[in-house]
Every structure is written in structure tokens, then in C-alpha cells.
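Taking it in order: structure first as C-alpha cells, then the write-up.
The values are calculated or read from the model by the stated rules, or taken from the named source; none is laboratory data. Note that this is a predicted model, so its numbers are computed, not measured. We place every Cβ from the backbone using ideal geometry, glycine too, and count neighbours over all the protein chains shown.
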Amino acid sequence: MSVQQMLKVFVTRRIPQEGMKILKKAGMCNLSVWDSDEPVPRAELLKGVAGAHGLLCLLSDKIDAEVLNAAGPNLKVISTLSVGFDHLAVDEIKKRGIRVGYTPDVLTDATAELTVALLLATARRLPEGVEEVKNGGWSTWKPLWLCGYGLSDSTVGVIGLGRIGLAIARRLKPFGVKRLLYTGRQPKPQAQEVDGEYVPLDTLVRESDFVVVSSSLTPDTQGLCDKTFFSKMKKTSIFINTSRGAVVNQEDLFEALSSGQIAAAGLDVTTPEPLPTNHPLLTLKNCVVLPHIGSATYFTRGVMSELTANNLLAGLTGSEMPSELKL
Ligand code: NDP
Ligand code: DGY
């Protein structure tokens, strides 16, 4: 392919080399990369995407009408290095006939595993315990010191029993969970595998000892976990969110945690990201906040990068994508 025929591709960040190798080897892309581990500034994104045939982006890049207009009519494909696609203006993208690739399945295990780790760390107060060892707070073995809540005989409620939600349920069941409740837009046949009971959200929130959010962020789930939601939870219950920060009203969560309305919360996702270091949630011992690392294993990120590159190439050549988002 001559240089003139090469298809312009803008990559909004340094990505794992597995994906870059595939793009380079394909020999059809004139690659322009925002060569940094930090997000591309908006002005550079608008400049970089101009005239592009393909855009490889991350969940931190807001791809809206302004970006699509800046790209212009060449743009055939957007491939995101994520399964979540709430950062993409899907209606605008569809209107322009642009195809979208994303990364379902390949990160399910890593994200479910992290969710279980976060749940256990929060319920058994691991960060507090580690801190006490370091700061001299560990004076002796005390019967009620650093007690938390266990999964054995508990009721777990999963909001959004999708790929990741089901993988979380599968991992939690062997801990001795007594009831596994779930909610969503419709019952799921695959819930049988974990003896899942489809219940209304209200029932799930009232009856669960652990509420785990693993739904996608949509207009329906935005702000779903608010004052009313937390007021229905048991005082001894634990709230876990590894979906998207905007599912939670963080002021209401702070109030619920600081007033003792709920026992503790573990969050892998927040609004904004990063959460400012002076954010009130970070002053609470009963709130464990992680920096959005659900899929962060070397292997998973490598496979995500490969899949993102292959989706992009398929979009450029008009062939079947390994994982195309149906718009
Ligand atoms: P899926 O599409 O398989 O699952 C999404 C689930 O959300 C579906 O079960 C869907 O239920 C449910 N859902 C949608 N609307 C609602 C609603 N109103 N109430 C309750 N549930 C609802 O996606 P994945 O499991 O692969 O990923 C889920 C999300 O996890 C991603 O969108 C992303 O935001 C987040 N994620 C976070 C990661 C991290 O690093 N923390 C890593 C990977 C993903 P139904 O089928 O009934 O519509
Ligand atoms: C996603 O893929 O949506 C996650 O948030 C990051 O892996």
C-alpha cells in the first residue's frame, strides 16, 4: 500500500504493545499516537482525529459530536479499549454510519476477581488492619477489634447479572452464600447456574448483606444508588461498585457511610476519576477506594489491546469484527 493510500488512524494513548504490533504489522495504517500514559488533552484529540479513518480510544476519552465533526467524513470505525461504552455518543455515531468495536468477555474474569478482592477487603477491613499494623495501633489480640462481616450464610445482591455480574456470582457462591439475588431488565436463564433469584431492585436492596453493582452505565442506572437506595439497605450491609462511578450519588453515599446507615463501601470507580485526594469519601475508614483497576492484569490488558487493534482493522477493511458493538 502506498503512503497515500494508507488509512489514517489516531490512537489516543500509549497502549500495550500487543495491539500496536498488530496495527503496525497490518501495513495499512498511517498511525498517529498520543504517546503518553496520560489522557490526550481535548484540543489535541480534536486535532489528532482530523481526517482519521480509524480512532482507537480509551474510556477516558469523551467521543461526542464535536469529536466526530472534527474527524470528518472519513471516519469508519471507533475501537475502544474497554467493554464500557458510556463515553461514546452512540446515537451520533450510529447516525454517521460509523462502526464501533469494544472488548467484552476478555476482561470478565479479571474484573470479577477484583470485585471479589474489593468485597473481601472492604467487609473484612483489610486496609484498616494493614494501617493499624504500620501505625502502632495493634496493641494486642482483642475480641472485637477490626471485626467485619463474612460471606458465609449471607445474602448477596447483584445489580446487573451480565457477563461480569455472573462471573462475580460464580466466584462468591463457594464462600457459602445462602441466597443470590439479582436484578436487571429481565430474568436471565444463566442465573440458574448460581441459583440466582430474580427480584425487584427494592427487594434486593432491602434483603442483601452485600450489594454489588456490575451493571452498565445508562440513563436508567445513572444515579441509581442514591439516598433512597441507601436508606433501604441494612445497617450491617456492604456496598460494592465496580461498574461506573456515575451509578452512585457520592454525596448520598458519604452520608450513608458516615451516619452508619450502611456498614461500608468498596468502590473501584468514582466520579470524577481520579477522585480528588481531598474528597470526603477518602476521610472515611469504612470506604475503600481503588483507582479503576478492575481489568488490570498484564495478561488481560494485553488481550484487550489485541482485540481493540483487531476490531479497528476489521472496521477499516469493512470485514467482520471480533467484537462489534451492535448499535
Ligand atoms: P454486560 O452488558 O454483560 O452487563 C451489563 C448488565 O447491566 C446487564 O446484565 C444488564 O442487564 C445490566 N443493566 C442494564 N441496565 C440495567 C438497569 N437499569 N438495572 C439493572 N441492571 C441493568 O456488560 P459487562 O458485564 O461486560 O460489563 C458491565 C460493566 O462493567 C461495563 O459496562 C463497565 O461499565 C463495567 N466495567 C468495569 C470495569 C472496571 O475496571 N471496574 C471493567 C470492566 C467493565 P440486562 O441484561 O437485564 O439488560
Ligand atoms: C471497561 O473495560 O469498561 C473497564 O472499565 C476498564 O477495563
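Annotations
- Checked against (1) touching an Asp or Glu at 6+ places or on another chain (Cβ under 6 Å); (2) surrounded by fewer than 19 Cβ atoms within 10 Å (Cβ to Cβ), GLY294 passes all but a single condition, namely (2).
- Pairs linking a residue in the stretch 213-229 that is more than 6 Å from ligand 1 (Cβ to nearest atom) to a residue that is assigned to a loop (DSSP other than H, G, I, E, B), with Cβ atoms under 6 Å and 6 or more positions apart or on different chains, are VAL213/SER243; GLY223/ASN249; ASP226/ASN249.
- Evaluation of GLU113 against the conditions (1) closer than 19 Å to ALA167 by Cα; (2) away from ligand 2 (no atom under 12 Å from the Cβ); (3) surrounded by 21 or more Cβ atoms within 10 Å (Cβ to Cβ) shows that the sole unmet condition is (3).
- Meets criteria (in the same structural domain as ILE78 (by the TED database) and either polar (S, T, N, Q) or exposed (fewer than 14 other Cβ atoms within 10 Å of the Cβ) (or both)) for ALA26: no
- Leading residue by the ranking (farthest from GLY148 (Cα to Cα)) among those in the stretch 232-270 that are surrounded by fewer than 15 Cβ atoms within 10 Å (Cβ to Cβ) and touching a residue at least 24 places away in the same chain (Cβ under 8 Å): SER258
- Scanning the stretch 196-209 turns up no residue that is in contact (Cβ under 8 Å) with a residue 60 or more places away in the chain and either surrounded by fewer than 19 Cβ atoms within 10 Å (Cβ to Cβ) or not charged (D, E, K, R) (or both).
- Here SER60 fulfils each of the conditions (1) closer than 25 Å to MET28 by Cα; (2) in contact (Cβ under 8 Å) with a residue 40 or more places away in the chain; (3) not in a helix (DSSP H, G or I) apart from (1).
- Qualifying residue in the stretch 78-91 (condition: in contact with an Asp or Glu (Cβ under 8 Å, 6 or more places away or on another chain), more than 11 Å from ligand 2 (Cβ to nearest atom), in contact (Cβ under 8 Å) with a residue 12 or more places away in the chain and in the same structural domain as ALA314 (by the TED database)): yes
- Lone unmet requirement of (1) crowded, with 23+ Cβ neighbours inside 10 Å; (2) away from ligand 1 (no atom under 12 Å from the Cβ) for LEU282: (1)
- Residue in the stretch 64-76 that is assigned to a loop (DSSP other than H, G, I, E, B) and under 20 Å from ALA246 (Cα atoms) present: yes
- Residue that is closer than 21 Å to VAL156 by Cα and not assigned by the TED database to the domain that holds ASP86, where the choices are ASP220, ASP268: ASP268
- Which numbered condition THR103 misses (of (1) outside any loop (DSSP other than H, G, I, E, B); (2) within 15 Å of LEU313 (Cβ to Cβ)): (1)
Yes or no, residue by residue, for (1) surrounded by 19 or more Cβ atoms within 10 Å (Cβ to Cβ); (2) more than 30 Å from VAL213 (Cα to Cα); (3) within 18 Å of the chain's Cα centre (by Cα); (4) within 10 Å of ligand 1 (Cβ to nearest atom):
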| residue | (1), (2), (3), (4) |
| --- | --- |
| ALA71 | yes, yes, no, no |
| ILE78 | yes, no, no, no |
| SER82 | yes, no, yes, yes |
| ALA89 | no, no, yes, no |
| ARG99 | yes, no, no, no |
| THR103 | yes, no, yes, yes |
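- Taken as a whole, the structure places PHE10 among residues that are aromatic (Phe, Trp, Tyr) and away from ligand 2 (no atom under 16 Å from the Cβ).
- Just one residue in the set GLY184, GLY162, GLY157 is under 18 Å from VAL247 (Cβ atoms), buried (at least 23 other Cβ atoms within 10 Å of the Cβ) and of a type outside the set (Ser, Thr, Tyr); that residue is GLY157.
- Some residue of the stretch 298-315 being over 21 Å from the mean Cα position of the chain (by Cα) and without any contact (Cβ under 8 Å) to a residue 40 or more places away in the chain: no
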